[in-house]
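J.: Below is one structure. I have some questions about it.
The values are calculated or read from the model by the stated rules, or taken from the named source; none is laboratory data. Source: prediction; values computed, not measured. Reconstructed Cβ throughout: ideal geometry from the backbone, glycine too, with neighbour counts over all protein chains shown.
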Amino acid sequence: MKYHRIPDETIGRLPLYLRELRLLSQQGRQNIKSGEFADSLGVNSAQIRKDLSYFGAFGTPGVGYKVKKLLRQLCSILKLKNIHKVALVGVGNLGSALLSYSGFAQFGFEIVAAFDSDPNKIGSIRNNVTVEDTSKLSTLKNRGIKFAIIAVPASAAKEIADQLVKAGITGILNFAPSCLVVPKKVKVISIDIAIDLARLPYYSRVTLNK
Ligand code: NAI
């Protein structure tokens, strides 16, 4: 089944729903009313209903959502039923932190390859992953790796993205402050914590010094 014209914001919220459902499931909850589910997520229940409505009918009036069933359905929609192997490029401060972050596993992601251009890092083992020379990026094609994380300086990001695309990568999570131009078949999601931080003062009640 193909889903069309679904807002990115909706897709962005589905993993939040998934994470909360997994927690509820671990707590042994069978059902959850839509209001309670919304409260636990800090969103309104109409938003959740609207988001889910793009994919079909979910939940039963008076009963709410069946936790395990909705969990399975969201995993299926997001294509998170299988383990996804991920390559990391750039094993510096950020890359090293990402390599040791255990939170990717909850969605089935595993960083199984790491690359860097620094000869002092190539060959070292970080979190059971051997750092490889970036000249080996082309080998990703034969290793069943479709997703990559870019954590190199901005000046190197475009070149790395090109190499990843050539190596058959179809999804890139980009941390470098650089706009990547890739073919349509490749999805790039860029993350910049500074951009999120820059929104905080607007919402807070701080008084700015004049
Ligand atoms: P870092 O300097 O500690 O690490 C960069 C790593 O990339 C080094 O290991 C270096 O050897 C490697 N590298 C450089 N050129 C390369 C190339 N052509 N191929 C492969 N590896 C290469 O820097 P840090 O602090 O880890 O930051 C990495 C990137 O992430 C930067 O672009 C930085 O601006 C960005 N960043 C983004 C954040 C965000 O919220 N999006 C937060 C922190 C950093």
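J.: Taking only pairs six or more apart or across chains, which ones have beta-carbon atoms under 8 Å, a first residue in segment 166-186 that is farther than 13 Å from Val86 by Cβ and touching a residue at least 12 places away in the same chain (Cβ under 8 Å), and a second residue that is away from the ligand (no atom under 13 Å from the Cβ) and in a loop (DSSP other than H, G, I, E, B)?
T.: Gly168/Lys146; Lys185/Thr170; Val186/Ile169; Val186/Thr170
For (1) loosely packed, with under 10 Cβ neighbours inside 10 Å; (2) outside any loop (DSSP other than H, G, I, E, B); (3) at pLDDT 95 or above, each residue gets a yes or a no:
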position: Ala176; (1), (2), (3): no, no, yes
position: Ile189; (1), (2), (3): no, yes, yes
position: Ile195; (1), (2), (3): no, yes, no
position: Arg205; (1), (2), (3): yes, no, no
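J.: For the structure I just gave you, tell me whether Leu94 is within 16 Å of the ligand (Cβ to nearest atom), assigned to a helix (DSSP H, G or I) and in contact with a strand residue (DSSP E or B) (Cβ under 8 Å, 6 or more places away or on another chain).
T.: Values: within 16 Å of the ligand (Cβ to nearest atom): yes; assigned to a helix (DSSP H, G or I): yes; in contact with a strand residue (DSSP E or B) (Cβ under 8 Å, 6 or more places away or on another chain): no.
So Leu94 does not fit the description; no.
J.: What helices (runs of 4 or more DSSP H), lying completely within segment 30-78, carry at least 2 residues that are touching a Leu at 6+ places or on another chain (Cβ under 6 Å)?
T.: Numbers: elements: 34-41, 45-53, 67-77.
It comes to 67-77.
J.: Further question: Name the single residue, out of those in segment 117-130 being in contact (Cβ under 8 Å) with a residue 24 or more places away in the chain and outside any loop (DSSP other than H, G, I, E, B), that is nearest to the ligand (Cβ to nearest atom).
T.: Applying the filter and picking the extreme gives Arg126.
J.: Being exposed (fewer than 13 other Cβ atoms within 10 Å of the Cβ) and under 21 Å from Ile191 (Cβ atoms) is the filter here, so list the residues in segment 155-166 that pass it.
T.: As a first pass, look at segment 155-166 and keep what is exposed (fewer than 13 other Cβ atoms within 10 Å of the Cβ): 155, 159, 166.
The answer is Ser155, Glu159.
J.: Among (1) under 24 Å from Leu78 (Cα atoms); (2) assigned to a helix (DSSP H, G or I), where does Pro201 come up short?
T.: Tallying (1) under 24 Å from Leu78 (Cα atoms); (2) assigned to a helix (DSSP H, G or I), Pro201 fails exactly one: (1).
J.: Within segment 160-187, work out how many residues are out of contact with any Ser or Thr (no Cβ under 9 Å at 6 or more places or on another chain) and within 13 Å of the ligand (Cβ to nearest atom).
T.: The number of residues fulfilling the criteria is 2.
J.: Answer yes or no as to whether Lys81 is basic (Lys, Arg), over 30 Å from Asn120 (Cα atoms) and more than 22 Å from the chain's Cα centre (by Cα).
T.: Values: basic (Lys, Arg): yes; over 30 Å from Asn120 (Cα atoms): yes; more than 22 Å from the chain's Cα centre (by Cα): no.
The answer is no for Lys81.
J.: On to the next question. Of all residues in segment 131-145, count the ones that are more than 13 Å from the ligand (Cβ to nearest atom), surrounded by 16 or more Cβ atoms within 10 Å (Cβ to Cβ) and outside any helix (DSSP H, G or I). Full working, then the answer.
T.: So in segment 131-145, the residues more than 13 Å from the ligand (Cβ to nearest atom) come out as 138-145.
Filter again for surrounded by 16 or more Cβ atoms within 10 Å (Cβ to Cβ), leaving 140, 145.
Subset that is outside any helix (DSSP H, G or I): 145.
Within segment 131-145, residues that are more than 13 Å from the ligand (Cβ to nearest atom), surrounded by 16 or more Cβ atoms within 10 Å (Cβ to Cβ) and outside any helix (DSSP H, G or I) number 1.
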